[in-house]
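Shown next, in structure tokens, is the structure this report addresses.
The values are calculated or read from the model by the stated rules, or taken from the named source; none is laboratory data. Predicted model, so just to flag it, every value in this text is computed and none were measured. Because the Cβ atoms are built from the backbone with ideal geometry, glycine has one as well, and the counts that use them run over all protein chains shown. SASA here: full protein model, heavy atoms, side chains in, ligands and nucleic acids out. Shrake-Rupley method; radii C 1.70, N 1.55, O 1.52, S 1.80 Å.
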Amino acid sequence: MKGRLIDHLKDCETEEEVKSEFAKYFNFKIKTKQRYDHYSKQILYEFKYDQSLVSRPIRAKIIAQTLYYIRELKFGGGTKPIPPSICIVNKKEALIFETKKYKDFYNDTRRNKYDWDRAPSVPCPNLVKDVMEYPFTINLHVYNFELEEEEKNFIKKYSEAREAQSRLLDYDRKIITEDNFLEIYDYWKNLFGKYVENSRKATEYFIADVEKDKSSIFKGNEVVFDLGEGNAKIKPIPIDDYNYFWSVYDKVDDLKVIYGIRQKIDRISEDYERRFTGEFYTPIAFARKGSEYIERTIGAEWWKKNDWRFWDMAAGTGNLEFTLPTSTLEKCYISTLLEDDAKYCKRIFPSATVFQYDYLNDDIPTLDPAQDSIEPINVKMPKKLYEDLLNPNLKWIIFINPPFATSNTVGMETGKTSKDTVSMTKIRELMEKEKMGETSRELFAQFIYRIHKEFGGK
Ligand SMILES: C[S@@+](CC[C@H](N)C(=O)[O-])C[C@H]1O[C@@H](n2cnc3c(N)ncnc32)[C@H](O)[C@@H]1O
């Protein structure tokens, strides 16, 4: 080999140098385009310059940082397996340990113990404190490369961890949920789609495969899928890929999750690609983050309480609603300007109240303080919504990504040619009467204005 590791590390002057010298010594290439310092299927790496790993608070903070990455691998999208080991290295010391030892920390399934929205490099102080007090952290051996024997022991342990690829059982498995299954489905379909699809869609096989005890290896490379109602299908599948896939993910045994996945997977249509890439669509990742914030603010499973209602009045093709649990939809009003978009939303959200509605022009008289005098018969919005708006006992979630355009560019926003009739909205007229100046030309400001009028007192 190339002499002592410490001789390569000791003159490093930055974290980047430590990383690159370590990689050179062990003959691997650092991939820079990832969130982590380095990832392999066996080891998640975190490099530091000279932060002392002997100091317990520092050690706990760095471990906590790595747990953010592990959590993301476990519950997030993406297909990378959770590496069985974590390795933390600075210019003269290292830690290497089993990822699973910290399972209770990064699992935090109810998200109520730690703040997982922080940047990993500034981990939640409660997590750092708990990690610091955890006996495993206290007793964790710090390899000091200045001592030859220690360096040798580290290299031995590290090499074992690196070569562990065949021991798939060491992986902590990734969790499939209603929120992350789309990417997992894509991955699954890539591997097995062409082997299963015939008269039944790949999605049906996927659901059967994901649900615990609904599929099994029949013999050799054949897998039997229980598609329900007494329908079982046997398909030849590349069995090594299949075993690998199920060593990385856990099967789902919660029927509620299966139900949610089933409902959502039905929404996948030819528009699927557009949904993730289209210019005017709200990216799914933002939608997901937004609903997490809603849950955090008003409590988990808010839709189970009868006093909440939800309205997205600029819904477009409904990406903001796409990630909501299916059971929420009964409490949801979804409306948008274009008839085509409304039709599309009706199809994919059958249990929500979906309707075409111009929020900046329709039912403006209802904003009048004397609105009690308006007959529901004369309003364009659904009667149910009108009544809910009048109900003082209801609380509202307004979840929108409003059009961001000034009135005279509205055509670009909606994908239609600009029309003069659209650029002057009734809401804009009201705002101008109230002398709101230039801002009344902004569509998003017009939305906020009406929302304020409509919900201000609620
Ligand atoms: C930024 S996009 C939001 C996209 C939507 N969240 C989605 O995922 O497709 C704004 C949406 O507001 C709609 N819109 C524009 N003016 C509107 C109006 N006056 N009333 C209702 N919707 C409107 C547009 O058609 C567009 O679909």
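Listed by position, the helices (runs of 4 or more DSSP H) enclosed by segment 112-228 that each have at least 3 residues that are surrounded by fewer than 17 Cβ atoms within 10 Å (Cβ to Cβ) are 125-133, 135-139, 148-162, 181-188.
Among all positions in segment 364-383, there is no residue which is modelled with pLDDT of 85 or more, in the same structural domain as residue 451 (by TED's automatic domain parsing) and within 11 Å of the ligand (Cβ to nearest atom).
Taking segment 1-96 and the helices (runs of 4 or more DSSP H) fully enclosed by it, the elements with 3 or more residues that are crowded, with 21+ Cβ neighbours inside 10 Å are at 15-25, 56-75.
Among the residues of segment 229-240, the one identified as among the aliphatic types (A, V, I, L, M) and either assigned to a helix (DSSP H, G or I) or not assigned by TED's automatic domain parsing to the domain that holds residue 261 (or both) is 239. Just checking, does segment 402-413 include any residue being at pLDDT 90 or above, under 24 Å from residue 320 (Cα atoms) and part of a strand (DSSP E or B)? Within segment 402-413 (the criterion being at pLDDT 90 or above, under 24 Å from residue 320 (Cα atoms) and part of a strand (DSSP E or B)), the answer is no, since none of the residues qualifies. Contact annotation: no residue pair with Cβ atoms under 9 Å, 6 or more positions apart or on different chains, pairs a residue in segment 291-312 that is closer than 19 Å to residue 335 by Cα and at pLDDT 90 or above with a partner that is among the basic types (Lys, Arg) and within 16 Å of the ligand (Cβ to nearest atom).
The residues on offer are 323, 328, and the sole one that is at pLDDT below 85, buried (at least 18 other Cβ atoms within 10 Å of the Cβ) and in the same structural domain as residue 403 (by TED's automatic domain parsing) is 323. Among the residues of segment 337-357, those that are within 10 Å of the ligand (Cβ to nearest atom) and either open to solvent by 20 Å² or more (accessible area, probe 1.4 Å) or at pLDDT below 95 (or both) comprise 337, 338, 340, 341, 342, 344, 345, 356.
Scanning segment 289-333 for residues that are within 10 Å of the ligand (Cβ to nearest atom) and not small (Gly, Ala, Ser) gives 312, 313, 317, 319, 320, 321, 322.
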